[in-house]
Amino acid sequence: MKTIITLLTFVLFSFQCNRLQFGSNQTKDQTAGAVVTFLQGNITITSQGKESKAKLGDVVRPGDRVLTKLGRVDLQTYRGEVIRIKDNSDVLFRDIAGESRPNTDIHLWTGNLLVKSVKLKSGQNLSVTSPTMVAGVRGTVFSFELEKGSVPKVKVYEGVVSVAFKTSPKLIEINEGLSIENYNRLVKTLEENEVVLEPGERLEVNPNLNELVYLINAKVAANALTNEQLAGFTDFDNGLSKKESVVSPQEKAEAETLVSIAQETVQKQIESQNSNPSESAVVTIEKEHEEKRVEALNKIAADAEKIGLDNEEEIHSHYSVLETIHKSNGDVLSGAVVAQLGDIFIIHSTKGVFQLSVDDIEYVEYKNFKVKTKVKK
């Protein structure tokens, strides 16, 4: 039986945002945090105004901000959620669940998240927010993407995600800039337009309404929202909707690479309160994650072999892409990159399924462009 989390009402959500921001008014819980279990590239963590380069074993606390440039990082919380922050992302952890702290609240300013939740108990919550949206989840795998100047993209791989607009309760006091008819339509849309996404579905957002919600959120607090700005918006009837979006083999494979290590290891590291992880702790985290990701990659490769594709047309049809993989030794494979984790690529080619390291590959060539995975020395 699928359980759907009930999203907060606007008034309650505003209260929650104020209460959760930087974890300032929450009961102190020294177990609230998430451990860096895997990372690539340039990752920075800002904690209490101090910026540092992320390292394996670092603990992210409520109020910390994570910025990825050309890199990505996997985090595992005390409760067991696994969160992948992808390239060029800016993420604020407004709250992180702990032993006595029930909520994990992740705010995405820009970028792309892949989240794997645990089965939550009554009273526990996991939410991902943007300036205009809130996604509530329970026991699920989903992605949440936000590009600057665009609308949020939410896609569910497993489980259920409930999505709604996030806006100020003060909206009910702002009606001078709208006709009574348009004002009533706007309030009705924002209060009732919640969408429940299931596996293989993605969110569709009305850009016009998204822009208005952003405007309200940005300016209501400062009392800077003018009647003229409100009067220009009339398309309120279609706020949120959902469309079928089949989970691709590559997306399914990436979700499988979002592995978790022993919860005892994570909890012990969080409870240690060390700003600099001990060498033994780092070794344990690295070893456990490597074992889990090897298992995941082997399973992905085995599943690809079972499909039995052995020609370009079948591979292209299944993966919706056809690539030429140029190996460092001069060999060439025709097929598709199924998954990548760290320095390992899984290639499904006409010659079979291979696990290749980044050093084995010179570059991957697509039909109209090239993506180099290694630069010639």
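The values are calculated or read from the model by the stated rules, or taken from the named source; none is laboratory data. Predicted, not measured: the structure shown is a model, and the values here were computed from it. So basically every Cβ, Gly included, is an ideal-geometry build from the backbone, and we count neighbours across all protein chains shown.
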I'd like the residue in the stretch 71-97 that is closer than 20 Å to Leu258 by Cβ and among the aliphatic types (A, V, I, L, M) and, out of all such residues, is surrounded by the fewest Cβ atoms within 10 Å (Cβ to Cβ). Val82
Can you tell me which residue in the stretch 308-321 is surrounded by the fewest Cβ atoms within 10 Å (Cβ to Cβ), limited to those that are over 25 Å from the mean Cα position of the chain (by Cα) and not in a helix (DSSP H, G or I)? Gly308
Inter-residue pairs, beta-carbon under 8 Å, first touching a residue at least 24 places away in the same chain (Cβ under 8 Å) and in the stretch 315-336, second assigned to a loop (DSSP other than H, G, I, E, B) and of a type in the set (S, T, N, Q), 6+ apart: Ile315/Thr350; Tyr319/Ser248; Ser320/Ser248
For the stretch 78-122, the count of residues that are more than 14 Å from Val137 (Cα to Cα), part of a strand (DSSP E or B) and either among the charged types (D, E, K, R) or over 14 Å from the mean Cα position of the chain (by Cα) (or both) equals 4
Considering Ser280, Ser317, Ser334, which residue is out of contact with any Ser or Thr (no Cβ under 8 Å at 6 or more places or on another chain), among the hydroxyl-bearing types (Ser, Thr, Tyr) and over 30 Å from Ala32 (Cα atoms)? Ser317
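Considering Val294, Val259, Val338, Val283, which residue is surrounded by 14 or more Cβ atoms within 10 Å (Cβ to Cβ) and part of a helix (DSSP H, G or I)?
Val294
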Filter the stretch 154-181 for residues that are among the charged types (D, E, K, R) and at pLDDT below 90 and give the result. Lys166, Lys170, Glu173, Glu176, Glu181
Identify all residues within the stretch 322-335 that are assigned to a strand (DSSP E or B) and of a type outside the set (A, V, I, L, M); write none if there are none. Glu323, Thr324, His326, Lys327, Ser334, Gly335
Quick count over the stretch 111-155, residues being under 13 Å from Val205 (Cα atoms) and charged (D, E, K, R), is 3
Which condition number in (1) at pLDDT below 95; (2) in contact with a Phe, Trp or Tyr (Cβ under 6 Å, 6 or more places away or on another chain); (3) under 20 Å from Gly33 (Cβ atoms); (4) among the β-branched types (Val, Ile, Thr) is the one that Thr132 fails? (3)
Can you name every residue in the stretch 93-116 that is out of contact with any strand residue (DSSP E or B) (no Cβ under 6 Å at 6 or more places or on another chain) and of a type in the set (Ser, Thr, Tyr)? Ser100
Residues that are of a type in the set (Gly, Ala, Ser) and either surrounded by 12 or more Cβ atoms within 10 Å (Cβ to Cβ) or under 27 Å from the mean Cα position of the chain (by Cα) (or both), drawn from the stretch 262-280: Ala262, Ser272, Ser275, Ser278
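Give me the residue from the stretch 239-253 that is of a type in the set (A, V, I, L, M) and within 27 Å of Gln340 (Cα to Cα) and, out of that set, surrounded by the most Cβ atoms within 10 Å (Cβ to Cβ).
Filtering first and then ranking leaves Ala253.
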Yes or no: Glu305 surrounded by 15 or more Cβ atoms within 10 Å (Cβ to Cβ), out of contact with any Pro (no Cβ under 8 Å at 6 or more places or on another chain), modelled with pLDDT of 95 or more and assigned to a helix (DSSP H, G or I)? no
